[in-house]
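One structure below.
Every read-out reported here was derived from the displayed coordinates using simple, explicitly stated rules and does not represent laboratory data. Please read all numbers here as calculations on a predicted model, not as lab measurements. Neighbour counts run over all protein chains shown; Cβ positions are idealised from the backbone, glycine included.
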Amino acid sequence: MTFAEKSLWATVATVSAVFLTYFAAALPVRNGTDVGPVRVVWFVLAVVALAVTQGVAHAVLAVLDRRTDTDERGRLIELRGVRNGAYVLATAVFTALCAAIVTEGNAIFVHVLLAGWVAAQLVESGSQLVLYRRPV
Amino acid sequence: MGKRGGGLTNRVRELRDSAGLTQQQLADAVGVTRQTVIAIERNRYSPSLEVAFRVALALGSPIGDVFAYSAEQR
């Protein structure tokens, strides 16, 4: 397994762990409510936790695996993964806009958008992991 | 042959074995990862023209001896 694949697994694991924890704490959100200070603090903590866990994970991987270089196949797979993630993110933005129209307050809109971003990250990394094992 | 490999076939593994090179040594000589060499050998990835030339150069063979294209296989 290349450094790039290990890095992708680390991204999937950290994003999943951090935001599953966040959503477990923050959900459900009720219609007609706004994002309060408590949820803002949880969100900031989630972002900090994501940055720290990803930084530590990638530092450990870089120490264990000296070959961190990529090549044309890796770049092609990355581009396809980013494209797949962009489709999900665009869908999420449209869904969030619909949620903003049909709901009151900003809590549902914000959390649909955040969930869409998390899904886009997971699709981007997950599809790259699949592409590394299939003909490109 | 992989479905996405099209009509491109190669003798990379055969020539690499003849040259006594490991996959990692060939990868280092070409400037790609070992996984890309594996994918090329298994016809799961069609390299760019530049990488194809570098593979041929590393194996000491003309590119036509290393890679072949058959329109019938597409």
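Here are some notes:
- Here the Gaussian network model covers chain B, with springs between Cα atoms less than 10 Å apart; of B:ALA56, B:ALA19, B:ALA27, B:ALA19 fluctuates the most.
- Extension gain, A:ALA115 back to A:ARG133 (0.36 nm per residue minus Cα-Cα distance, nm): 3.8 nm
- Each 5 Å bin from zero up to the one holding the largest Cα-Cα distance in the protein assembly as shown carries the following percent of pairs: 1, 7, 12, 14, 14, 12, 9, 8, 7, 6, 5, 3, 2, 1, 0.
- Trypsin sites (Lys or Arg not before Pro) restricted to the range A:62-136 and DSSP loop, no more than 12 other C-beta within 10 Å: A:ARG66, A:ARG133
- Packing-based exposure ordering (other Cβ within 10 Å, fewest first) of A:VAL93, B:VAL37, A:VAL118, A:VAL40: A:VAL40, A:VAL93, A:VAL118, B:VAL37
- Computing FRET efficiency as 1/(1 + (r/R0)^6) for A:ALA17 and B:LEU49, where r is the C-beta to C-beta distance and R0 is 35 Å, gives about 0.25.
- Contour excess over end-to-end distance, with Cα ends at A:ALA62 and A:TRP9 and 0.36 nm allotted per residue: 17.7 nm
- Gaussian network model of chain A, springs between alpha carbon atoms under 10 Å - residue of A:GLY55, A:GLY116, A:GLY126 with greatest fluctuation: A:GLY55
- Filtered trypsin sites (Lys or Arg not before Pro), the range B:1-63: DSSP coil and at most 16 other beta carbons within 10 Å: B:ARG11, B:ARG42
- For the range A:89-103, the Karplus equation 6.51 cos²θ - 1.76 cosθ + 1.60, evaluated at θ = phi - 60°, returns couplings of 5, 4, 4, 5, 5, 4, 4, 5, 4, 4, 5, 5, 6, 8, 10 Hz by residue, with Gly and Pro reported as x.
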